[in-house]
Amino acid sequence: MWRAGTDQAIIWSDASPGMQPLRLMRGSSTALQEVMTLAMVDGAANRYSWAIPTDLPADSTYAIALGTSPDIGYSGRFTLTSAAAPPPPGPPTPSPSAM
């Protein structure tokens, strides 16, 4: 499970060298739809650090795709949770009493 607003490492192996799109997908496993292109990456790099946008909706049907048709590799589906709400403000700080 990943949370919006955090940084996550996306790691792959056995990809062809050269620039390829790394994409966020969403939907059923038989009908994934592209949400956004994360980056163009060198397949030989085997790693990408993704700063997950805070405005992505929570869902349990996300996946990552690397490559172009017909050579696309997919991650398993994963859950993305909403960015954590900011903590509520603490109690007011007492002011010094006047003398």
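The values are calculated or read from the model by the stated rules, or taken from the named source; none is laboratory data. Nothing here was measured: the structure is a model prediction, and the numbers come from that model. A quick note on method: Cβ atoms are made from the backbone with ideal geometry, for glycine too, and the neighbour counts reach across all protein chains shown. The area values use the complete protein model at the heavy-atom level, side chains included, leaving out ligands, DNA and RNA. Shrake-Rupley method; radii C 1.70, N 1.55, O 1.52, S 1.80 Å.
Could you look through segment 25-36, keep only residues that are open to solvent by 70 Å² or more (accessible area, probe 1.4 Å) and either of a type in the set (Ser, Thr, Tyr) or within 12 Å of Arg3 (Cα to Cα) (or both), and pick out the one that is modelled with the lowest pLDDT? Among those residues, the one meeting the criterion is Ser29.
No other residue among Ser49, Ser29 is among the hydroxyl-bearing types (Ser, Thr, Tyr) and assigned to a loop (DSSP other than H, G, I, E, B) apart from Ser29. Scanning segment 1-24 for residues that are surrounded by 15 or more Cβ atoms within 10 Å (Cβ to Cβ) and either in contact with a Lys or Arg (Cβ under 9 Å, 6 or more places away or on another chain) or not in a strand (DSSP E or B) (or both) turns up Ala4, Gly5, Ile10, Trp12, Ala15.
Restricting attention to segment 52-83, report how many residues are assigned to a loop (DSSP other than H, G, I, E, B), over 12 Å from Gln8 (Cβ atoms) and in contact with a Ser or Thr (Cβ under 6 Å, 6 or more places away or on another chain). Final tally of qualifying residues: 3. Scanning segment 38-52 for residues being in contact with a strand residue (DSSP E or B) (Cβ under 8 Å, 6 or more places away or on another chain), open to solvent by less than 70 Å² (accessible area, probe 1.4 Å) and closer than 23 Å to Gly18 by Cβ gives a total of 8.
Sub-8 Å Cβ pairs linking a first residue in segment 14-30 that is without any contact (Cβ under 8 Å) to a residue 60 or more places away in the chain to a second residue that is surrounded by fewer than 15 Cβ atoms within 10 Å (Cβ to Cβ) and assigned to a loop (DSSP other than H, G, I, E, B), at least 6 apart or interchain, are Ala15/Asn46, ordered by first then second residue.
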